[in-house]
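Structure, as structure tokens:
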Amino acid sequence: MNPVAFAFFLAVIALTLLVTYWASRRNVGASTHYVAGGQIKGWQNGLAISGDYLSAASFLGIAGAIALTGFSGFYLSVGFLVAYLVVLLLVAEPLRNLGKYTVADALTSRFNLRRVRAVAALNTISISMFYMLAQLVGAGAIMVLLLDIPYSVAVIGIGILMTIYIVAGGMIATTWIQIIKAVLLMAGTFALSVGVLAQFNFNPLAMFEAATEQYGMEAVMPPELDLVGGLDVISLNIALVLGTAGLPHILIRFLTVPDAKAARNSVIVATWIIGLFYLMTPILGYGAAIFVGRDAIVEQNPAGNMAAPQLAQALGGDIFLGFITAVAFATIVAVVAGLVIAASGAFAHDFYTNVIKGGEASEREQFMAARIAAVGVSIGAMLLALGAREFNVAFLVALAFAVAASANLPAILFMIFWKRFNTIGAITGMLTGLISSVGLVLISPNVMGESAIYPLENPGIVSIPLGFLGCYIGTLLGGKRDEARALYTPYEKIYVQANTGIREEEIEEKEPAPRS
Amino acid sequence: MPDLNYRIYNAGEARGDNDTDFKKEPALSVNQWERAAQTSAFHELMRSKRNFIIPATIFFMAFYFGLPTLAAFTDLLDVQVIGVLSLAYIYAFAQFAMTWILCHLYLSRANRWDDIVERIKRETARKGAESQ
């Protein structure tokens, strides 16, 4: 056990619990629980989005991937960043303008039907669960290694912390934990980068040079690939760039700000922070390859997940290692907190309040349901994580991105931009995307190994077009037979609202005029 | 001076219905949204949005997929340009610049769109008043 790491761990836990205590007195109802009452400022939300987004896969996974594979690992950094252009240009503002507590709220603002909401909620739960498993399995592995505690104790400990954060502090606590984490993660990554670059007189080119001296030119070049390998790279990149705009725990962050302008500003702040972070990932990766060595990284973890903490130890001994480990821990709890809110919203707000109770639940009941669902989601995720110890973290995150891009994004885009879109299209598209992305993974080399039916590891190149196609064909087939048509909100209203953020009362109460 | 507290609702109020009745009547509020969608300010907003968002999206998607496509299927990016740094890395770093530049171009346009939205509200209210 590393005593410094232990002290840093306790400090992070104490700080987050303090924030939770402060937030708990402000967490008074369903609206504060799900979206912090919509009162988060743009820059605060920008920091919180960064804290919500930069997960264990980014901090531990990419550093390891670049250390072991060189350029290939950097695809993840590029894709995770460019994805914010899709978010900013196409979905952030319309979603802020249409949504209330959950992604399903935005979809049902146009098609107010229980079955649309139920399928949208199912997608949110599936995506969030894959993502959460990745974080918990990763967190468990780090804590086993650094605190010398059993895996099950680590997972249960994180699960209990999560439950406390969410049940007591709701979205307000989550937001501030994510902000603290973003600051810690940037500080930790910056310190590691400075530590590496200082060895090269702050000349990054000398660092790249040192990497090629040790590992050959392949370390800084895209690998030679056959057709299947090339298609797999493309498939991964499609899911990366389109997935973010379908991730429920990121999308609900836009519901925590008061208006579209704040939503827009928060994406700008987030894009700068996230971009600067990813720009430092090659320094972490190559730094680890040079100062720790590939053999030592693989020995610790075959996927390279411990490369960043190992680099910290090589550069600054136990104290630096302790700090970076605590940063990794904060990284994971902040992401898991966002995921628990997203998944519990789908259970409590979508399934319980709207599908089962038909929207007829009192504020008190809704708040209660939200908290019970948060406990349920935390326990469920804990149990799954205990059984999923051997799963590869990067694979689970890539799966979450693929499902988000295939199942959520097509329906969201068509709902905002396509007048003819209907409920049958929405349901067909969402289910096609979900089933095809999960199904393709089940018959891929990731699961079936040598005997895989689908040759690629990444389902996106097939499942994302299928998601769009499902929406389109469902709409055409459903067309005139769609009996729910009478229940639609007229497209003019969605079209104007999504694009302007004008609220009902604003165009009814405007400007005095004489009665004629 | 007209009474500043006077609210224009729509034909519903002109018929003498009270506020609560109006709020239960969705068909009437739909008219307001149709009116808003028909204002010249809304047409201007959507034209301006389309003129930026569609070309920008096509551009960044093409620029983005250029990297994995060229890297995976050709040797074009394998040349060293600055020291040992390959063109693939330069291209990847350019994606960061592209993302930040496009974000700020979008921001400056979108801040102008906010003014158009204010005009849509005024025009809709005026249209609503004229129709009564």
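The values are calculated or read from the model by the stated rules, or taken from the named source; none is laboratory data. Fair warning: this is a prediction, and the values are worked out from it, not measured in the lab. We place every Cβ from the backbone using ideal geometry, glycine too, and count neighbours over all the protein chains shown. Side chains included, ligands, DNA and RNA excluded: accessible areas come from the protein's heavy atoms. Shrake-Rupley method; radii C 1.70, N 1.55, O 1.52, S 1.80 Å.
Of the candidates A:THR108, A:THR163, A:THR102, the single residue that is buried (at least 23 other Cβ atoms within 10 Å of the Cβ) and either within 20 Å of the chain's Cα centre (by Cα) or of a type in the set (Asp, Glu) (or both) is A:THR102. Scanning segment B:87-128 for residues that are over 23 Å from A:VAL241 (Cα atoms) and over 20 Å from the mean Cα position of the chain (by Cα) yields B:ALA125, B:ARG126, B:LYS127, B:GLY128. Applying the criterion of being of a type in the set (S, T, N, Q) and in a strand (DSSP E or B) to the residues of segment B:66-87, the residue that is surrounded by the fewest Cβ atoms within 10 Å (Cβ to Cβ) is B:GLN80. Being within 12 Å of chain B (Cβ to nearest Cβ), more than 27 Å from A:ALA407 (Cβ to Cβ) and in a loop (DSSP other than H, G, I, E, B) is a property that does not hold for A:LEU205.
Quick one: is B:ILE116 more than 7 Å from chain A (Cβ to nearest Cβ) and on the phi < 0 side of the Ramachandran plot?
Numbers: more than 7 Å from chain A (Cβ to nearest Cβ): yes; on the phi < 0 side of the Ramachandran plot: yes.
It is true that B:ILE116 is more than 7 Å from chain A (Cβ to nearest Cβ) and on the phi < 0 side of the Ramachandran plot.
Being closer than 24 Å to A:LEU136 by Cβ and assigned to a helix (DSSP H, G or I) is the filter here, so list the residues in segment A:67-107 that pass it. Residues satisfying the conditions are A:ALA67, A:LEU68, A:GLY73, A:LEU76, A:SER77, A:GLY79, A:PHE80, A:ALA83, A:VAL103.
Yes or no: segment B:88-100 includes at least one residue that is in contact with a Gly (Cβ under 7 Å, 6 or more places away or on another chain), open to solvent by 10 Å² or more (accessible area, probe 1.4 Å), facing chain A (nearest Cβ under 7 Å) and more than 21 Å from A:LEU90 (Cα to Cα). Can you show your working first?
Step one: of segment B:88-100, the residues in contact with a Gly (Cβ under 7 Å, 6 or more places away or on another chain) are B:96, B:99-100.
Checking which are open to solvent by 10 Å² or more (accessible area, probe 1.4 Å) leaves us with B:100.
Add one more test, that the residue is facing chain A (nearest Cβ under 7 Å), and what stays is B:100.
Those left that are additionally more than 21 Å from A:LEU90 (Cα to Cα): none.
No, because not a single residue in segment B:88-100 is in contact with a Gly (Cβ under 7 Å, 6 or more places away or on another chain), open to solvent by 10 Å² or more (accessible area, probe 1.4 Å), facing chain A (nearest Cβ under 7 Å) and more than 21 Å from A:LEU90 (Cα to Cα).
Out of all the residues in segment A:216-241, which are more than 8 Å from chain B (Cβ to nearest Cβ) and more than 26 Å from the chain's Cα centre (by Cα)? Passing the criteria: A:GLY216, A:GLU218, A:ALA219, A:PRO223, A:GLU224, A:ASP226, A:LEU227, A:VAL228.
Rundown of residues vs (1) of a type in the set (A, V, I, L, M, F, W, C); (2) closer than 20 Å to A:GLY243 by Cα; (3) assigned to a loop (DSSP other than H, G, I, E, B), yes/no style:
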position: A:ALA411; (1), (2), (3): yes, yes, no
position: A:PHE414; (1), (2), (3): yes, yes, no
position: A:LYS419; (1), (2), (3): no, no, yes
position: A:THR428; (1), (2), (3): no, yes, no
position: A:GLY449; (1), (2), (3): no, no, no
position: A:GLY467; (1), (2), (3): no, yes, no
position: A:GLU505; (1), (2), (3): no, no, no
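Which one of the conditions (1) of a type in the set (A, V, I, L, M, F, W, C); (2) in contact (Cβ under 8 Å) with a residue 60 or more places away in the chain; (3) outside any loop (DSSP other than H, G, I, E, B) does A:LEU18 fail to meet, given that it meets all the rest? It is condition (2) that A:LEU18 fails.
Of everything listed in (1) open to solvent by less than 10 Å² (accessible area, probe 1.4 Å); (2) more than 15 Å from A:ALA400 (Cβ to Cβ), the single unmet condition for A:GLY433 is (2). Does segment A:270-292 contain at least one residue that is in contact (Cβ under 8 Å) with a residue 40 or more places away in the chain and assigned to a loop (DSSP other than H, G, I, E, B)? Yes, segment A:270-292 has at least one match.
Taken together, the residues in segment A:210-259 that are under 22 Å from A:PRO94 (Cα atoms) and free of Cβ contacts under 8 Å to residues at least 24 places away in the same chain amount to 0.
Among the residues of segment B:36-51, how many are more than 8 Å from chain A (Cβ to nearest Cβ) and crowded, with 17+ Cβ neighbours inside 10 Å? Steps first, please.
Keep residues of segment B:36-51 that are more than 8 Å from chain A (Cβ to nearest Cβ), which gives B:38-41, B:43-44, B:47-48, B:50-51.
Applying the additional criterion that residues be crowded, with 17+ Cβ neighbours inside 10 Å yields B:39, B:41.
Of the residues in segment B:36-51, 2 are more than 8 Å from chain A (Cβ to nearest Cβ) and crowded, with 17+ Cβ neighbours inside 10 Å.
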